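Below is one structure, written out as structure tokens; comments come after it.
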Amino acid sequence: MPDTLPVPIADGLICPDTEGIALFASRERATNRLCFPARPEDDPRYERVLLPRTGRLWSWTVQRFRPKSPPYAGPEAFEPYAVGYVDLDGALIVEGRLVDVAFDDLAIGMAMRVVPLPFEMTDGTLRTSFGFAPDKGVGA
């Protein structure tokens, strides 16, 4: 993990620290309902909370063709990628890219962890987004 990450792709999305990154969510004060991505910090109806860094793969798919542009702004030389929903230890199910794993190795219930992902903006600026990678320290 580098000492510093590029600026997050959105304010209030990720929290970098010595253990990697965690995702910010908001808890609605009146109902305790979690919201992701987090609501603005100045909204008094919500409090900022950190989601668990680990969870289990709830569902997934592989994007095998280049999406329509717009809104897709990726490179012309398209490479398939996996996308999944990860149940972050019962707190919330979050969608994200699945990285560092072969498509054939993906399995429902697989232990996952939040990881930083570089994201290049259309102007070439590098930002930090998030994805999920297998949590090799945990059995599936």
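For this structure, a couple of remarks:
- Charged neighbours of Arg127, selected by a Cβ distance under 13 Å, balance to -3 (K, R count +1; D, E count -1).
- Correct option for percent of Cα pairs over 22 Å apart [calculated from the coordinates] among (1) 44; (2) 70; (3) 37: (1)
- Taking the 1.4 Å solvent-accessible surface of the chain as the whole, the part contributed by carbon and sulfur is 52%.
- Accessible area per residue in Å² at 1.4 Å probe, computed on region 37-127: 65
- Sparse-neighbourhood loop sites, chymotrypsin sites (Phe, Trp or Tyr not before Pro) in region 58-120 - DSSP loop, at most 13 other Cβ within 10 angstrom: Phe65, Tyr72, Phe78
- Selection among Pro70, Asn32, Thr128 by position relative to the dipole of the chain gives Asn32 as farthest towards the positive end (Cβ unit charges, Cα centre).
- GluC sites (Glu not before Pro) within region 51-140, DSSP loop, no more than 13 other Cβ atoms inside 10 Å: Glu76
- Basic side chains Lys and Arg get +1 at the Cβ, acidic Asp and Glu get -1 at the Cβ, and with that the dipole of the chain about its Cα centre reaches some 400 debye.
The values are calculated or read from the model by the stated rules, or taken from the named source; none is laboratory data. Just so we're clear, the structure is a prediction, and the values are computed from it rather than from any experiment. Glycine gets a Cβ as well: all are built from the backbone with ideal geometry, and neighbour counts include every protein chain shown. These area figures cover heavy atoms from the full protein model, side chains too; ligands, DNA and RNA do not enter into them. Shrake-Rupley method; radii C 1.70, N 1.55, O 1.52, S 1.80 Å.
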